[in-house]
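The values are calculated or read from the model by the stated rules, or taken from the named source; none is laboratory data. Because the structure is predicted, anything quoted here is derived from the model rather than measured. Here the Cβ positions follow ideal geometry from the backbone for every residue, glycine too, while neighbour counts run over all protein chains shown. Accessible surface is based on the protein model in full, side chains and every heavy atom, while ligands, DNA and RNA are left aside. Shrake-Rupley method; radii C 1.70, N 1.55, O 1.52, S 1.80 Å.
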Amino acid sequence: MTQRPNIIIISCHDIGQHLGCYGVNTVHTPSIDRLAAEGVRFANSFCTAPQCSPSRASIYTGRFPHSNGVMGLVHAGFGWDLHADEKHLAAILRDAGYHTGLIGTQHETRRVEDMDFTDRHRMSTPCEDVAGEAIRYLNAVGSRSEPFYLQVGFIEPHRRFDFGGARPDGSLGVTVPAYLVDEPSAREEFAHFQGIIRKVDAAIGTVLDSLAELPMTKNTITIFTADHGIPFPRAKCSLYDPGIQVPFIVRWPDRGWTGGRTCGELISNIDYLPTLLEAIGVSVPQNVQGRSFAS
């Protein structure tokens, strides 16, 4: 039997579709754009909720927030969490023989120790530190016989926009969405936003470069996505399109998920889990509510 593919899911907070490959030509995102040019980009990609925890809980359970228990934020001061019987993607894949790793931030549960990660390095640190830990993980699992699942979570570009020393970037101009008033304070905010996006894109690039040096790249499913829309009025925390638009870019050379194609079909992040499981030949749990778009 051919070994099942490795899986890497790289996610950011709050980035929405404010990326070069999604048509924003003033932001520097060469690493994410390169992944899109090498893989498949979904233009009409949305999330189940415009807040972090509910959206992420849908990604990793394939179930709606009102079904999996995460209808609000999971961190201190809020009371939401996955129901005790919910099964995280990491647990499903570990049962299927995967070595599972978590690097960086996760925000879908308060009980991360129950999610069956073989290795956990939870870090609320700047993107270059998270990327460095992810690279160390990739180098360590490169010699293993079993496939791996790696979940890499970056805090950026969540506010503060100067986190980790990020600087404003208006070198290509500034894009203020048409639903906001284009005036000096807005342009200043978006210059800061573009600066921290540029910084996290560079960190993502180091992870992708490290993966490219390993022999199993062709049999690795690499995904880039985010939790919800950008952190501005009428976007994050709203159900207007800018609040629930997210990037979804996937590359899997051995399967032919390549070539810089753009898919216009409407997808939701509740569909990621059944899509991955169908693609790798693992049974989809009966209670999963998402629909596979692997075909």
Open item on the list: Taking the condition of being open to solvent by 40 Å² or more (accessible area, probe 1.4 Å) and either over 21 Å from the mean Cα position of the chain (by Cα) or more than 30 Å from Glu189 (Cα to Cα) (or both), how many residues in the stretch 136-161 meet it?
Closed with: 7
TODO: Scan the stretch 260-295 for residues that are within 22 Å of Asn219 (Cβ to Cβ) and touching a helix residue (DSSP H, G or I) at 6+ places or on another chain (Cβ under 8 Å) and jot them down.
DONE: Gly260, Tyr272, Leu273, Leu276, Leu277, Ala279, Val282, Ser283, Val284, Ser292, Phe293, Ala294
TODO: Scan the stretch 214-235 for residues that are within 19 Å of Asp33 (Cα to Cα) and either over 17 Å from the mean Cα position of the chain (by Cα) or among the polar types (S, T, N, Q) (or both) and jot them down.
DONE: Thr217, Lys218, Thr220, Thr222, Thr225
Open item on the list: Looking at the structure I just gave you, is Asp33 farther than 24 Å from His158 by Cβ, modelled with pLDDT of 95 or more and open to solvent by 40 Å² or more (accessible area, probe 1.4 Å)?
Closed with: no
TODO: Looking only at the stretch 258-285, count how many residues are more than 21 Å from Leu35 (Cβ to Cβ), under 19 Å from the mean Cα position of the chain (by Cα) and assigned to a helix (DSSP H, G or I).
DONE: 3
Task: Residue among Tyr240, Tyr272 that alone is at pLDDT 95 or above and open to solvent by 60 Å² or more (accessible area, probe 1.4 Å) - done: Tyr240
Task: Criterion (open to solvent by 40 Å² or more (accessible area, probe 1.4 Å), within 19 Å of Pro242 (Cβ to Cβ) and not charged (D, E, K, R)) met by exactly one of Gly16, Gly23 - done: Gly23
- [ ] Give the number of residues within the stretch 73-97 that are part of a loop (DSSP other than H, G, I, E, B), open to solvent by 10 Å² or more (accessible area, probe 1.4 Å) and closer than 25 Å to Val130 by Cβ.
- [x] 7
Open item on the list: Give me the residue from the stretch 223-234 that is surrounded by 21 or more Cβ atoms within 10 Å (Cβ to Cβ) and touching an Asp or Glu at 6+ places or on another chain (Cβ under 9 Å) and, out of that set, farthest from Ser145 (Cα to Cα).
Closed with: Phe232
- [ ] Kindly indicate whether Arg234 is free of Cβ contacts under 8 Å to residues at least 60 places away in the same chain and among the basic types (Lys, Arg).
- [x] yes
Task: Candidate set from the stretch 117-154 (those that are β-branched (Val, Ile, Thr) and assigned to a loop (DSSP other than H, G, I, E, B)); member that is modelled with the lowest pLDDT - done: Thr118
Open item on the list: Considering only the stretch 236-243, I want to know if a residue exists there that is of a type in the set (A, V, I, L, M) and in contact with a helix residue (DSSP H, G or I) (Cβ under 8 Å, 6 or more places away or on another chain).
Closed with: no
Task: Hits in the stretch 41-84 (condition: more than 19 Å from Lys236 (Cα to Cα) and among the β-branched types (Val, Ile, Thr)) - done: Thr61
- [ ] Quickly run through the stretch 95-114 and pick out the residues that are touching an Asp or Glu at 6+ places or on another chain (Cβ under 9 Å), free of Cβ contacts under 8 Å to residues at least 40 places away in the same chain and closer than 25 Å to Ile280 by Cα.
- [x] Asp95
TODO: Scan the stretch 172-182 and give yes if some residue there is open to solvent by less than 40 Å² (accessible area, probe 1.4 Å) and part of a helix (DSSP H, G or I), otherwise no.
DONE: no
Task: the stretch 1-13, subset outside any loop (DSSP other than H, G, I, E, B) and under 15 Å from the mean Cα position of the chain (by Cα), residue surrounded by the fewest Cβ atoms within 10 Å (Cβ to Cβ) - done: Ile9
Open item on the list: Can you pull out every residue in the stretch 100-121 that is touching a Cys at 6+ places or on another chain (Cβ under 8 Å) and acidic (Asp, Glu)?
Closed with: none
